[in-house]
Amino acid sequence: MAKGAHSKAEAVYGELKESILSGALEPGRLIDKADLCDRFGVSRFPVSAAVSRLAYDQLVDVAPQHGSFVSRISLKDVRERLFVRQALESEIAAEAAVRMTREDKDALVVNLREAAAAVEADDRATFYAIDVAFHQVLMARLGMVRASEILDGLRVHLERARRLLMSPPGRLREVLSEHKAIVEAVEASDVSAAREAMKRHLGLTGALLETVAQQRPELFSR
């Protein structure tokens, strides 16, 4: 692929991917290639290349003779990945209660402060980024490189579901409260409380998933 065509395909890919992950393009939605060609001022080739990459990412379903559609979120996959995440991150929180230094704990407190500001501003995009950073701080400060690799892999596949689950009214404030409970337990060096606070936080995420799936079944595949 020529350099110009490659950069155009990258631009289309980046914008389409963000639209899918953010929910601007909902699961099941037809991807209008002609519209994308007009919007980006490109030929059909860069658009097709971007859609092919998104199909490889499992974010797009290509149906020959019918078109390309945003993939529905697999409930089975999300449930399993949340199960693994809950088991691993609960133990990470327990480890944090034992090993985190004052400086490490201060980093969590700063994260909470930033999250609270995002809640007050009702800035969901910023809050989501801070939420991701909260969980990464726990791993990074403990030097858990392998655990971080595993959880980063899970997060990539959970990103659409996680962003969707941030959308119900009041959910940002609830997540902030759940994070505060984790930090308080870590601050107190209470291993059991830290483990249970993280387990509850991710358990509530799983419960909310089931509620949203019942309310918006068209977004999911079983």
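The values are calculated or read from the model by the stated rules, or taken from the named source; none is laboratory data. The model shown is predicted, which means the values in this text are computed figures rather than measured ones. Here the Cβ is made from the backbone with ideal geometry for all residues, glycine too, and neighbour counts use every protein chain on show. When the accessible area is computed, the model is the full protein with side chains, heavy atoms only, and any ligands, DNA or RNA have been set aside. Shrake-Rupley method; radii C 1.70, N 1.55, O 1.52, S 1.80 Å.
Numbers at a glance
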| item | result |
| --- | --- |
| Span per principal axis, largest first, for the Cα atoms of segment 158-209 (Å) | 33, 18, 16 |
| Val145-Asp38 FRET efficiency (beta carbon distance; Förster radius 35 Å; 0.05 resolution) | 0.20 |
| Quotient of C-alpha Rg and 2.2 N^0.38 Å, computed over segment 96-222 | 1.08 |
| FRET efficiency, 1/(1 + (r/R0)^6) with R0 41 Å, evaluated for His66 and Asp106 via beta carbons | 0.15 |
| Choice from Pro27, Pro64, Pro169 with maximal GNM fluctuation in the chain (Cα, 10 Å cutoff) | Pro64 |
| Amide H within-cut-off set for Ser221, under 5 Å, with H built and near neighbours excluded | Ile73, Ser74, Leu75 |
| Solvent-accessible area per residue, Å², over segment 24-179 with all protein chains present [probe radius 1.4 Å] | 52 Å² |
| Candidates Glu103, Glu89, Glu184, ranked by Gaussian network fluctuation over the chain, Cα under 10 Å, top entry | Glu103 |
| Exposure of Arg155 as accessible area (Å², to 10), given a probe of 1.4 Å and all protein chains | 60 Å² |
| Of Ser52, Val183, Ala125, farthest towards positive along the dipole that unit charges on Lys, Arg, Asp, Glu beta carbons give the chain | Ser52 |
| Too-long pairs where the Cα-Cα distance tops 32 Å, listed order kept, from Lys33/Lys199; Lys33/Lys76; Lys17/Lys199; Lys17/Lys76 | Lys33/Lys199 |
| Among Gly206, Gly153, Gly41, residue whose mean-square fluctuation peaks in a GNM of the chain (springs only between Cα atoms under 10 Å) | Gly41 |
| Carbon + sulfur, % of accessible area of segment 133-222 - ligands and nucleic acids excluded, 1.4 Å | 53 percent |
| Virtual spin-label span in nm between Gln58 and Ser167, 7 Å along Cα→Cβ | 2.1 nm |
| Under 13 Å, Cβ to Cβ, from Lys17 - net charge with Lys/Arg +1 and Asp/Glu -1 | -2 |
